[in-house]
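To start, the structure itself, in structure tokens.
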Amino acid sequence: MKKLLMNRILAIITGSIMVLAFAVLLGGCAEEEEALPEENVKYEIALVTDDSLIMDGGHSETAWNAITEFGGTHGISHKYYKAAEQTDAAFIDAIKTAINKGAKVVMVDNNKMANAVYEMQEIYPEIKFALIDADPYDPDNGDILILQNTAAVSFDSGQAGYLAGYAAVIDGSTELGFIGESKAEDIKAFGYGYVMGAERAAGEIGVPVTLEYKYCENPADRDAVYKTASAMYQDGAQVIFAAGRNIQEPVIEAAEAEDGKVIGSCTDQSGKSDKVITSAVYNIKDAIKEILDGYADDKFPGGTVIEYNAHNNGIGLELKHNHLKNLTQNQYDDVYKALANGDIKINLDIIDSVSDIITVNLTLK
């Protein structure tokens, strides 16, 4: 009798478990059926990039990580969109796709898209645009236009370059190289700052420094950039400052082949090679956070250029993963403080070429 009773109890328990499992299964199916198909999902914050890799250790990855962190914290949907090719038409199509998918904020992390933002900000006045490291401009006449629905972010690459040049010489290099991806103003500022920082360090330690200085004719030609960097190393350069997001990898490859050193730019390049001794970086994460915080608080900083420099910790050297042997934290802090408070000024308006800033401590090769 007891055995029969026990069997009945087990049967009831087993049956209950099966009913519960079936109910859970049905519930799961119901939730799956209620989920919106992808084409109906709306994404409030969009990152629009060019056709290169997103997770490449550069601007796009840094920007996307910042957006993802913000979206996760605030429960705001977000998605990235890649242009099909490197043309203004493709950039505009990518921005339109983001807007059609529900974007209320369009973050653009690529200065190649400045023309597209110039046009789109006027067509879509209800959309908030944020352009990182560039100003929206008219390609026909070069006019810059920042409407009330657009925020632009600029970084003081002259100060970042200064820190790179100072660190290179303090680290022990007396033969320097500089390769800029173009003659754009921010790239020239990187270079001029690099020379000024190197000159200061050369004066401090009393060692003459030589410099080979070049701009790329075609930064998209990886082979040409590689050959330029290789020749520079073979000519004696111990370290090359690779200024510009599009030339990092071929310069690093040349450094590995020629046993040279590299200083990266814009974002931390240390993950690409141990030949990267440091990078002159922009604080892109905080810039994006400031803009998105403003949007969330209904205080989007439209119609303005937000400037990041040493004064607001907007630029600096990457020191967490560096391979600098001689630069001390105190030396770095002293120079950084001097940049931040204006004791060191980098007035690029009075410089026509790098030869204008060469002194007795530093000579051009």
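The values are calculated or read from the model by the stated rules, or taken from the named source; none is laboratory data. Being a predicted model, the structure only gives us computed values, none of them experimental. For neighbour counting, all protein chains shown are included, and Cβ atoms are generated from backbone atoms with ideal geometry for every residue, glycine included.
Candidates are the residues of segment 36-64 that are of a type in the set (Val, Ile, Thr) and either within 25 Å of residue 265 (Cα to Cα) or at pLDDT below 95 (or both); the one that is surrounded by the fewest Cβ atoms within 10 Å (Cβ to Cβ) is 41. Whether a residue is more than 26 Å from residue 150 (Cα to Cα) and either modelled with pLDDT under 95 or not basic (Lys, Arg) (or both) was assessed, and residue 365 passes this test. Screening segment 344-362 for residues that are over 13 Å from residue 196 (Cβ atoms) and outside any helix (DSSP H, G or I) and picking the one that is modelled with the highest pLDDT gives 353. Scanning segment 65-87 for residues that are without any contact (Cβ under 8 Å) to a residue 60 or more places away in the chain, surrounded by 18 or more Cβ atoms within 10 Å (Cβ to Cβ) and not in a strand (DSSP E or B) yields a single hit, 83. Working carefully through the options 282, 226, find the one that is over 26 Å from residue 154 (Cβ atoms) and aromatic (Phe, Trp, Tyr). After ruling out the rest, the residue left standing is 226.
Within segment 185-204, none of the residues are among the hydroxyl-bearing types (Ser, Thr, Tyr), assigned by TED's automatic domain parsing to the domain that holds residue 225, in contact with a Leu (Cβ under 7 Å, 6 or more places away or on another chain) and under 21 Å from residue 325 (Cα atoms). Across segment 180-231, which residue is farthest from residue 354 (Cα to Cα) among those that are acidic (Asp, Glu) and in a helix (DSSP H, G or I)? Only one residue fits best here, namely 223. Just one residue in the set 211, 292 is more than 21 Å from residue 320 (Cβ to Cβ), touching a Leu at 6+ places or on another chain (Cβ under 8 Å) and not assigned by TED's automatic domain parsing to the domain that holds residue 50; that residue is 211. No other residue among 184, 164 is buried (at least 24 other Cβ atoms within 10 Å of the Cβ), under 18 Å from the mean Cα position of the chain (by Cα) and under 30 Å from residue 232 (Cα atoms) apart from 164. Pull out all pairs, ordered by first then second residue, where Cβ-Cβ is under 6 Å, the residues are six or more apart or on different chains, the first lies in segment 338-365 and is closer than 19 Å to residue 170 by Cα, and the second is hydroxyl-bearing (Ser, Thr, Tyr). Taking only residues 6 or more apart or on different chains, the pairs are 363/210. Yes or no: segment 105-125 includes at least one residue that is more than 29 Å from residue 158 (Cα to Cα) and either within 19 Å of the chain's Cα centre (by Cα) or assigned to a strand (DSSP E or B) (or both). The answer is yes; a qualifying residue exists.
A search for C-beta distances below 8 Å between a residue of segment 88-103 that is at positive phi and any residue that is modelled with pLDDT of 95 or more, counting only pairs 6+ apart in sequence or on different chains, returns 102/43; 102/44; 102/77.
Pick from segment 203-243 the residues that are among the small types (Gly, Ala, Ser) and surrounded by 24 or more Cβ atoms within 10 Å (Cβ to Cβ): which of them is farthest from the chain's Cα centre (by Cα)?
So, considering only residues that are among the small types (Gly, Ala, Ser) and surrounded by 24 or more Cβ atoms within 10 Å (Cβ to Cβ), the one farthest from the chain's Cα centre (by Cα) is 237.
Looking only at segment 244-260, filter to residues that are closer than 20 Å to residue 59 by Cα and either touching a Lys or Arg at 6+ places or on another chain (Cβ under 8 Å) or free of Cβ contacts under 8 Å to residues at least 12 places away in the same chain (or both); which one of those is surrounded by the fewest Cβ atoms within 10 Å (Cβ to Cβ)? Within segment 244-260, the match that is surrounded by the fewest Cβ atoms within 10 Å (Cβ to Cβ) is 249. One residue stands out in segment 261-278 among those that are without any contact (Cβ under 8 Å) to a residue 60 or more places away in the chain and of a type in the set (Gly, Ala, Ser): the one that is nearest to residue 68 (Cα to Cα), namely 270.
Among the residues of segment 337-356, those identified as out of contact with any strand residue (DSSP E or B) (no Cβ under 7 Å at 6 or more places or on another chain) and either outside the structural domain of residue 190 (by TED's automatic domain parsing) or not aliphatic (A, V, I, L, M) (or both) are 337, 341, 342, 343, 345, 347, 349, 352, 353, 356.
For residues that are surrounded by 17 or more Cβ atoms within 10 Å (Cβ to Cβ) and either among the charged types (D, E, K, R) or under 17 Å from residue 66 (Cβ atoms) (or both), tally how many sit in segment 105-127. Number of matching residues: 7. In this structure, residue 170 qualifies as out of contact with any Gly (no Cβ under 9 Å at 6 or more places or on another chain) and either surrounded by fewer than 24 Cβ atoms within 10 Å (Cβ to Cβ) or outside the structural domain of residue 338 (by TED's automatic domain parsing) (or both). Over 26 Å from residue 244 (Cβ atoms), surrounded by fewer than 19 Cβ atoms within 10 Å (Cβ to Cβ) and modelled with pLDDT of 95 or more - does that describe any residue in segment 128-136? Scanning segment 128-136 turns up no residue that is over 26 Å from residue 244 (Cβ atoms), surrounded by fewer than 19 Cβ atoms within 10 Å (Cβ to Cβ) and modelled with pLDDT of 95 or more.
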